[in-house]
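Visitor: Let me give you the structure first, and then I'll get to my questions.
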Amino acid sequence: MTRHDEISENLAKVQERMAAAAKKVGRTLDEITLIAVTKTFPVSDVEILKSLGVTNFGENREADAAPKAATIAGTWHFQGQIQSNKLKAITSWAHVIHSLDQLRHFEIIENIAPRSLGIFCQVSLDGAQGRGGLQGEKLYELAQKVAQSARHKLLGLMAVAPLGAKPDEAFAELCTIHKAFIQQFPEANQLSAGMSGDFEQAIAHGATHVRIGSSILGSR
Ligand SMILES: *Cc1c(COP(=O)(O)O)cnc(C)c1O
């Protein structure tokens, strides 16, 4: 089987599963953006995805992403851990950042981003150090700053299910957090949640953006 056929089959399966998960809870696929996570995969794979109609691509490392984003037109999402000294590079190619969790990173973005960005603030569902995300007041403080920005747009919240947690419970909690959040930030009505292992549960709990890598492109 050619790489094209392999990716095409995997993509079709993922799209079917997304549609079924959406239908189960009375949602439709057009409410849900599929971000193909192309990290570690070559630009030739991104080209194939593009030829199959995918227009949203996700990356974690700026050095890996820049040449792909320069080659393939689309909406490019950054979802990795942010390092201050990489923000200039990240904002040179990314259109959407999913993993903002520090005020000082947003201040840098305000100073250096060459374009207007869509921003998700990352929530930590278990408060664990090291996997990113904020909780409670700190999350609201950061969101307030983004919401006040004249240039960048607060889109919503992003989370990953904690290690060892049941995705269904984790995303139910995320949904509750998001409902409270949009009371204060009504425009931030997007929810970035769900990866290869748990996107169906994320869709059940309202995800508007799923970030899927290995189910489409294979194991890394
Ligand atoms: C790598 C990654 C994904 C995609 O993961 P898969 O399990 O390959 O689908 C999604 N979100 C984040 C934050 C990631 O780092």
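The values are calculated or read from the model by the stated rules, or taken from the named source; none is laboratory data. Since the model is a prediction, treat every value here as computed from it, not as a measurement. FYI the Cβ positions are ideal-geometry reconstructions off the backbone, even for glycines, and counts take in every protein chain you see.
Visitor: Consider segment 166-220. How many of its residues are over 15 Å from THR38 (Cα atoms), touching a Phe, Trp or Tyr at 6+ places or on another chain (Cβ under 8 Å) and among the β-branched types (Val, Ile, Thr)?
Guide: Residues meeting the conditions: 0.
Visitor: Determine whether segment 151-168 contains at least one residue that is among the basic types (Lys, Arg), touching a residue at least 40 places away in the same chain (Cβ under 8 Å) and away from the ligand (no atom under 16 Å from the Cβ). Break it down into steps so the answer makes sense when it comes.
Guide: Let us first name the residues in segment 151-168 that are among the basic types (Lys, Arg), namely 151, 153, 166.
Filter again for touching a residue at least 40 places away in the same chain (Cβ under 8 Å), leaving 151.
Next, only the ones that are away from the ligand (no atom under 16 Å from the Cβ) stay: 151.
Yes, segment 151-168 contains a residue that is among the basic types (Lys, Arg), touching a residue at least 40 places away in the same chain (Cβ under 8 Å) and away from the ligand (no atom under 16 Å from the Cβ).
Visitor: Please work out if ILE119 is assigned to a strand (DSSP E or B), in contact with a Lys or Arg (Cβ under 8 Å, 6 or more places away or on another chain) and closer than 30 Å to ASN10 by Cα.
Guide: On the way: assigned to a strand (DSSP E or B): yes; in contact with a Lys or Arg (Cβ under 8 Å, 6 or more places away or on another chain): yes; closer than 30 Å to ASN10 by Cα: yes.
So ILE119 fits the description; yes.
Visitor: Can you tell me which of THR40, THR33, THR55 is within 16 Å of the ligand (Cβ to nearest atom), under 18 Å from the mean Cα position of the chain (by Cα) and more than 27 Å from ASP168 (Cβ to Cβ)? Steps first, answer last, please.
Guide: On the way: THR33 fails: more than 27 Å from ASP168 (Cβ to Cβ); THR55 fails: within 16 Å of the ligand (Cβ to nearest atom).
One residue alone meets the criteria, THR40.
So that you can scan it fast, the table gives a plain yes or no per residue for (1) at positive phi; (2) in contact with a helix residue (DSSP H, G or I) (Cβ under 7 Å, 6 or more places away or on another chain):
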residue: VAL123; (1), (2): no, yes
residue: GLY136; (1), (2): yes, no
residue: LYS153; (1), (2): no, no
residue: MET158; (1), (2): no, no
residue: LEU163; (1), (2): no, no
residue: GLU169; (1), (2): no, no
residue: PHE185; (1), (2): no, yes
residue: GLU200; (1), (2): no, yes
residue: ILE212; (1), (2): no, yes
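Visitor: For segment 88-102, which residues satisfy the criterion of being more than 14 Å from ALA69 (Cβ to Cβ), of a type in the set (S, T, N, Q) and not in a loop (DSSP other than H, G, I, E, B)?
Guide: If we filter segment 88-102 for residues that are more than 14 Å from ALA69 (Cβ to Cβ), which is where we start, we get 88, 98-102.
So of that shortlist, the ones also of a type in the set (S, T, N, Q) come out as 99, 102.
Matches in segment 88-102: SER99 only.
Visitor: Can I ask one more? Within segment 126-145, is there a residue that is farther than 24 Å from ASN56 by Cα, away from the ligand (no atom under 12 Å from the Cβ), acidic (Asp, Glu) and modelled with pLDDT of 95 or more?
Guide: So far as segment 126-145 goes, yes, one or more of its residues are farther than 24 Å from ASN56 by Cα, away from the ligand (no atom under 12 Å from the Cβ), acidic (Asp, Glu) and modelled with pLDDT of 95 or more.
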